[in-house]
Amino acid sequence: MTLDQLIALDAIVAAGTFRAAADRLNKAQSAVSHQIRKLEDELGFDLFSRESYRPRLTPEGEIFYRETTRVLEQVHGLKAVAAGLASKQEPMISIAMSATMSLDPILTVLGEVGRQFPGTHIRVATEMMGGPLARLMGGEADMIVAGLDGVPIDLVETLPVGSITIQPVASPTFPPAQLPGIRSRRAMQSYTQVVVSGTGGRDYEQSRDLLSGGQRWTVSDFQAKKSILLAGLGWGGIPEHMMGDELATGQLVPLAVEGYPPRRTEIFAIRRRDQPMGQVMSSIWSRLAA
């Protein structure tokens, strides 16, 4: 049993077919098939049922694959440790943050690492919607702090760092806010919904909580969005940590809209598995893990 065989098995399950797995591994399909056949011969049972176009794990294969993923996780972790030990201090670390997330959960870590490695420039950029993921997959960010929507889980490592809740709100002067009960989606189509545009481009577009058929204004950031809502010109979702004072003083009030409850999202630190970590990135990652 070899590591390459386990990697081939993982790739087939993740990609869905032997051909797609071969493309992912940059190998010939025949080579991938040969690796799996040798592994099955050694194990004494079939890992895949090959009766249909897409190979499916056999019951024995399901159990073996679960253990394989654990082994590969340990191997990835060991490689990351080795890369960190062998690496030099990076001149710059780039981190892309979701604009919905507060910096607070990682500020302590960044402060400690900044003092330990004063020669490294730590760059933190704020991105909207799918922007952080676009920066990570495009090689423009060493790490992102974002939700897992659209993230190719088999290609990344993640660490939980917190959560956010986005609450639909409006000014108390906004007509729908003056009505009792839940506003229907049809009724809200007559009022302007304010949304923040993404920075991920077409490939990483993430559109959430958009009211179909309704009037819409699009802005570039949450501060502009909040200003419009405070002026009574529309409604929309704002992360709770960005409007604590306005909710407390009644400048903004929760808005109950059919199909748009407060949305809680878990936030993770995310890095690509195939990108080696230098000393500084290793220090950031290990501190977040701790």
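Checked against the criterion of being modelled with pLDDT of 90 or more and either of a type in the set (Val, Ile, Thr) or outside the structural domain of residue 258 (by TED's automatic domain parsing) (or both), segment 224-231 contains one or more residues that satisfy it.
Before we move on, is residue 252 surrounded by fewer than 13 Cβ atoms within 10 Å (Cβ to Cβ), closer than 21 Å to residue 128 by Cβ and not hydroxyl-bearing (Ser, Thr, Tyr)?
Values: surrounded by fewer than 13 Cβ atoms within 10 Å (Cβ to Cβ): no; closer than 21 Å to residue 128 by Cβ: yes; not hydroxyl-bearing (Ser, Thr, Tyr): yes.
No.
Among the candidates 160, 180, 168, the residue that is in contact with a Leu (Cβ under 6 Å, 6 or more places away or on another chain), not in a helix (DSSP H, G or I) and not polar (S, T, N, Q) is uniquely 168. Anything in segment 13-38 that is in a helix (DSSP H, G or I) and either among the basic types (Lys, Arg) or in contact with a Lys or Arg (Cβ under 6 Å, 6 or more places away or on another chain) (or both)? List them, or say none. 15, 19, 24, 29, 37, 38 - these are the residues of segment 13-38 that are in a helix (DSSP H, G or I) and either among the basic types (Lys, Arg) or in contact with a Lys or Arg (Cβ under 6 Å, 6 or more places away or on another chain) (or both).
The set of residues in segment 92-144 being touching a helix residue (DSSP H, G or I) at 6+ places or on another chain (Cβ under 7 Å) and of a type in the set (Ser, Thr, Tyr) consists of 98, 102, 120.
Among the residues of segment 112-138, those identified as surrounded by fewer than 16 Cβ atoms within 10 Å (Cβ to Cβ) and touching a residue at least 60 places away in the same chain (Cβ under 8 Å) are 112, 116. Condition test on residue 238, is it assigned by TED's automatic domain parsing to the domain that holds residue 112, in a strand (DSSP E or B) and in contact (Cβ under 8 Å) with a residue 40 or more places away in the chain? Against the criterion (assigned by TED's automatic domain parsing to the domain that holds residue 112, in a strand (DSSP E or B) and in contact (Cβ under 8 Å) with a residue 40 or more places away in the chain), residue 238 does not qualify.
For segment 264-284, indicate whether the set of residues that are under 30 Å from residue 183 (Cβ atoms), surrounded by 15 or more Cβ atoms within 10 Å (Cβ to Cβ) and out of contact with any helix residue (DSSP H, G or I) (no Cβ under 8 Å at 6 or more places or on another chain) is non-empty.
Taking segment 264-284 as the starting set, the residues that turn out to be under 30 Å from residue 183 (Cβ atoms) are 264-267.
Pick out the ones that are also surrounded by 15 or more Cβ atoms within 10 Å (Cβ to Cβ) and you get 265, 267.
Those left that are additionally out of contact with any helix residue (DSSP H, G or I) (no Cβ under 8 Å at 6 or more places or on another chain): 265.
Looking through segment 264-284, at least one residue is under 30 Å from residue 183 (Cβ atoms), surrounded by 15 or more Cβ atoms within 10 Å (Cβ to Cβ) and out of contact with any helix residue (DSSP H, G or I) (no Cβ under 8 Å at 6 or more places or on another chain).
When residue 109 is tested against (1) within 22 Å of residue 240 (Cβ to Cβ); (2) in contact (Cβ under 8 Å) with a residue 40 or more places away in the chain; (3) surrounded by fewer than 20 Cβ atoms within 10 Å (Cβ to Cβ), only condition (1) is not met.
Any chance segment 42-54 includes a residue that's surrounded by fewer than 18 Cβ atoms within 10 Å (Cβ to Cβ), more than 31 Å from the chain's Cα centre (by Cα) and assigned to a helix (DSSP H, G or I)? Yes - at least one qualifying residue is present in segment 42-54. Selection of first residues in segment 173-195 that are touching a residue at least 24 places away in the same chain (Cβ under 8 Å) and surrounded by 14 or more Cβ atoms within 10 Å (Cβ to Cβ) and of second residues that are polar (S, T, N, Q) and not in a loop (DSSP other than H, G, I, E, B), restricted to Cβ pairs under 6 Å at least 6 apart or on distinct chains, gives the following pairs, ordered by first then second residue: 195/218. Would you confirm whether or not segment 87-100 contains a residue that is in contact with a strand residue (DSSP E or B) (Cβ under 7 Å, 6 or more places away or on another chain), buried (at least 18 other Cβ atoms within 10 Å of the Cβ), aliphatic (A, V, I, L, M) and part of a loop (DSSP other than H, G, I, E, B)? Yes - at least one qualifying residue is present in segment 87-100. Total residues in segment 150-183 satisfying the condition of being within 16 Å of the chain's Cα centre (by Cα) and under 28 Å from residue 233 (Cβ atoms): the figure is 2.
A Cβ distance below 8 Å, combined with a sequence gap of six or more or placement on separate chains, defines the contacts here; from segment 65-80, residues that are surrounded by 15 or more Cβ atoms within 10 Å (Cβ to Cβ) reach residues that are polar (S, T, N, Q) in the pairs 80/282. Among the residues of segment 258-282, those that are among the aliphatic types (A, V, I, L, M) and in contact with a Ser or Thr (Cβ under 8 Å, 6 or more places away or on another chain) comprise 267, 269, 270, 277, 280.
The values are calculated or read from the model by the stated rules, or taken from the named source; none is laboratory data. All values reported here derive from a predicted model rather than from experimental measurement. Using ideal geometry, Cβ is built from the backbone for each residue, glycine included, and neighbour counts are taken over all protein chains shown.
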